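Trainee: Sharing a structure below in structure tokens format, with a few things to ask.
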Amino acid sequence: MESDPIFEIRRDLAAAFRLAARRGWDDIVWTHLSAAVPGEPGHYFINRFGLRFDEVTASNLVKVDVQGRVVDGSSAPVNPSGFAIHGCVHAARTDAVCVIHLHTLWGQTLAARPEGLLPCSQPAMRLHGRLGRHAYEGLAFEGPERARLVQSLGRHDGLILENHGVLTVGRTVAEAFVLMHLLERAAQVQLQAQSAGAEVLCAPPDVVARTQQQWIGDGRTPEGVDEWPALLRQVQRSDPDFLGERHPDAR
């Protein structure tokens, strides 16, 4: 059977929303996961505004342009200001097929710490030096700030948005999701270790560099290749409704 890239991106994005909800990564109806529409440059799928993450399905995702305007002919509500971060990242990074921005407890706590992510755990070593930082400027994301945010991201795997939250990007939905999983785990380990009051044990730079090289290799294989099939099976068992109705792009 011939693969359907649009169905697959809808399926994977909806699965990522459900997995995020089960991990407690949601913030009522705020924050977003977005993905580029295959074969449609400048078009992206995002969650319908007002839905919880556990209500998102492959069929109720909304197609928007880089400005966050609905382009699928529906009257679905979207949050244009919420897409501001996603739109500028997608536009600047054509490799960023998926962008995940969250307000998790551990991510927001890390974003309130001045030292950033320390190489004190194995997942942190994967991300050490590969996260940008963006200073908090308020709720609105006007053009000048979006330009600064993109500059802060550069070619990194993600961003610590100071006093705000965290963001990861991926060449696939799976990669962005697994990078967020690693960031959440690393933040939790660091913050809990720091809460014990003693000095946090960090690996020396040469060990961090070697670990990262062993993990990433030549960088050609996206994160999540090994994990995503298992995660999809989890969603299929726990959330059998995640595909929703027959999706509008079905062939």
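Trainee: Does the stretch 66-75 contain any residue that is out of contact with any Asp or Glu (no Cβ under 7 Å at 6 or more places or on another chain) and among the acidic types (Asp, Glu)?
Mentor: Yes, the stretch 66-75 contains at least one residue that is out of contact with any Asp or Glu (no Cβ under 7 Å at 6 or more places or on another chain) and among the acidic types (Asp, Glu).
Trainee: (1) closer than 24 Å to LEU33 by Cβ; (2) aliphatic (A, V, I, L, M); (3) in contact with a helix residue (DSSP H, G or I) (Cβ under 8 Å, 6 or more places away or on another chain): which one isn't true of VAL200, the others all being true?
Mentor: It is condition (1) that VAL200 fails.
Trainee: Restricted to the stretch 169-213, and to residues that are part of a helix (DSSP H, G or I) and polar (S, T, N, Q), which residue is nearest to ALA21 (Cα to Cα)?
Mentor: Here the answer is GLN188.
Trainee: Let me ask something additional. Mind checking whether some residue in the stretch 222-236 is surrounded by fewer than 18 Cβ atoms within 10 Å (Cβ to Cβ) and closer than 23 Å to ARG113 by Cα?
Mentor: Taking the stretch 222-236 as the starting set, the residues that turn out to be surrounded by fewer than 18 Cβ atoms within 10 Å (Cβ to Cβ) are 225-227, 229-230, 232-234, 236.
Those left that are additionally closer than 23 Å to ARG113 by Cα: none.
Taking every residue of the stretch 222-236 in turn, none turns out to be surrounded by fewer than 18 Cβ atoms within 10 Å (Cβ to Cβ) and closer than 23 Å to ARG113 by Cα.
Trainee: Let me ask another. Looking only at the stretch 1-45, which residues are among the β-branched types (Val, Ile, Thr), crowded, with 19+ Cβ neighbours inside 10 Å and part of a loop (DSSP other than H, G, I, E, B)?
Mentor: THR31, VAL37
Trainee: Just to be sure before I move on: is ARG146 at pLDDT 95 or above, surrounded by fewer than 23 Cβ atoms within 10 Å (Cβ to Cβ) and of a type in the set (Lys, Arg) in the structure I sent?
Mentor: So ARG146 does not fit the description; no.
Trainee: For residues in the stretch 62-91 being surrounded by fewer than 17 Cβ atoms within 10 Å (Cβ to Cβ) and in contact (Cβ under 8 Å) with a residue 60 or more places away in the chain, which is farthest from SER152 (Cα to Cα)?
Mentor: ASP72
Trainee: Would you please name the residue that is surrounded by the most Cβ atoms within 10 Å (Cβ to Cβ), looking only at residues in the stretch 46-61 that are touching a residue at least 24 places away in the same chain (Cβ under 8 Å) and assigned to a helix (DSSP H, G or I)? Working first, answer last.
Mentor: Kept after step one, since they are touching a residue at least 24 places away in the same chain (Cβ under 8 Å), are these residues of the stretch 46-61: 46-50, 52-54, 56-61.
Narrowing the set further to residues that are assigned to a helix (DSSP H, G or I) leaves 53-54.
Working: PHE53: 25, ASP54: 14.
This residue is PHE53.
The values are calculated or read from the model by the stated rules, or taken from the named source; none is laboratory data. The structure displayed is predicted, hence computed values, not measured ones. FYI the Cβ positions are ideal-geometry reconstructions off the backbone, even for glycines, and counts take in every protein chain you see.
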